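The values are calculated or read from the model by the stated rules, or taken from the named source; none is laboratory data. Worth saying up front: this structure is predicted, and the values here are computed from it rather than measured. Neighbour counts are summed over all protein chains in view; Cβ atoms, including those assigned to glycine, are modelled from backbone coordinates with ideal geometry. Heads up: the accessible areas ignore ligands, DNA and RNA and are worked out on the full protein's heavy atoms, side chains in. Shrake-Rupley method; radii C 1.70, N 1.55, O 1.52, S 1.80 Å.
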Amino acid sequence: MKLDPDLTLQILEKVGIYSNRFSISEPQILLTTKEVLDAPKEMTEGRRTSAYKYYGVSYLQHNLVFINVRKIPDEKTLENTIVHELIHMRFPYLAHGKRFNKLVRQGLRGKTFPPYRKRSKTAAI
Ligand SMILES: [Zn+2]
């Protein structure tokens, strides 16, 4: 898709809405590979020069998300990508798979999630 000020606004709006629903702090959003390359190297470590290959990349440690607008073919894929990356932010321990995909589908349907809490390593009754 072609990035213009209208689309930028739409994307940031969606990120705001879904971040609220998923009870996460709104991540910083990068929309071009140039922004990825211009970001501090320690923030984009691991997926810096390879970021262009993906629809989206989450840099979990830095609350940073890259949405590769240029590579994304249509609005549906765009929405999917936004929700996919924000699900990574809300469920940082979860790898890709059935459970992950289910959460993405629920997110797309408007489901809300309570804030993420790290589980205590001990339990007591
Ligand atoms: Zn992913």
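How large, in percent, is the carbon and sulfur part of the accessible surface of the chain at a probe radius of 1.4 Å?
Reported share for carbon and sulfur atoms: 51 percent.
What does the charge count near residue 29 come to, summing +1 for each Lys or Arg and -1 for each Asp or Glu among other residues with Cβ under 13 Å from its Cβ? Numbers along the way, then the final one.
Numbers: positive: 14; negative: 13, 26, 35, 85.
So the surrounding residues net to -3.
FRET efficiency for residue 14 and residue 38, Cβ-Cβ distance as r, R0 = 25 Å, nearest 0.05?
0.60
For the chain, take the longest principal axis of its alpha carbons; what is the angle in degrees between that and the long axis of helix 75-90, to the nearest 10 within 0 to 90?
The angle comes out at about 40 degrees.
Find the relative contact order for the range 1-97 and round it to a whole percent, using C-alpha pairs within less than 8 Å whose residues are 6+ positions apart.
Values: 109 pairs, mean separation 30.8, N = 97.
Computed value for the range 1-97: 32 percent relative contact order.
Count neighbours as other Cβ atoms within 10 Å of each site's Cβ, and list the chymotrypsin sites (Phe, Trp or Tyr not before Pro) in the range 28-63 that are DSSP loop with at most 15 such neighbours.
Details: sites: 52, 54, 55, 59; in loops: 54, 55.
Here the sparse-neighbourhood loop sites are 54.
Rounded to the nearest 10 degrees, what's the angle between the helix 98-108 long axis and the longest principal axis of the chain, both from Cα atoms, 0 to 90?
That works out to roughly 70 degrees.
What FRET efficiency do you get for residue 63 and residue 109 if R0 is 25 Å and r is their Cβ-Cβ distance, rounded to the nearest 0.05?
Calculated transfer efficiency: 0.50.
When ligands, DNA and RNA are left out and all protein chains stay put, how many square angstrom of accessible area per residue does the chain have with a 1.4 Å probe?
Working: 8250 Å² over 125 residues.
About 66 Å² of surface per residue is accessible.
Which of the GluC sites (Glu not before Pro) found in the range 39-108 are loop residues per DSSP with 15 or fewer other Cβ atoms within 10 Å of their Cβ?
Those that pass, being in a loop and sparsely packed, are 45.
Pick out, in residue order, every one of the trypsin sites (Lys or Arg not before Pro) in the range 48-125 that is DSSP loop and has at most 10 other C-beta atoms within 10 Å; say none if there are none. Show your work: numbers first, answer last.
Details: sites: 48, 53, 70, 71, 76, 90, 98, 99, 102, 105, 109, 111, 117, 118, 119, 121; in loops: 48, 70, 71, 109, 111, 117, 118, 119, 121.
Hits after loop and neighbour filter: 109, 117, 118, 119, 121.
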